[in-house]
Amino acid sequence: MDGSRKEEEEDSMFTNISLADDIDRSSKILYPRQKSLLPKMMNADMDAVDAENQVELEEKTRLINQVLELQHTLEDLSARVDAVKEENLKLKSENQVLGQYIENLMSASSVFQTTDTKSKRK
């Protein structure tokens with residue numbers, strides 16, 4: 001092999017990336033070039049797989065968002081239940097106080113006193 005042929009073969013296998021300060025060819029860094037391992041016919045299959053993966057990814061994203069939304073709704077409902085329980089306890093306490101107050105008023109009033117029916121008939 002002559003030098004130029006070897007250099008062309010080397011160029012087809014590597015991607016040359018030049019350093020900013022160096023201009024001559026000897027100072028370029030060589031990185032392996034990625035070769036397509038699949039025939040073009042399989043590339044169409046890969047596109048179909050990529051499309052399927054994209055659909056799956058979108059579905060997963062949609063489900064994750066739905067789960068997060070449901071979690072937030074559950075948290076809101078739980079907070080609401082706690083608030084209602086608290087309000088219920090408060091109202092029960094107020095009802096007991098009012099019930100006791102009404103009983104005290106009734107016992108102090110002569111209108112609600114029991115009367116002896118025998119003493120009134122005599």
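The values are calculated or read from the model by the stated rules, or taken from the named source; none is laboratory data. Since this is a predicted model, take the numbers as computed values, not measurements. Cβ sites come from the backbone with ideal geometry, for glycine too, and all protein chains shown count toward neighbours.
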For the stretch 3-122, which helices (runs of 4 or more DSSP H) that fit wholly inside it have 1 or more residues that are at pLDDT 55 or above and at positive phi? none
Inspect the stretch 60-73 for any residue being touching a Leu at 6+ places or on another chain (Cβ under 9 Å) and surrounded by 10 or more Cβ atoms within 10 Å (Cβ to Cβ) and give the result as yes or no. no
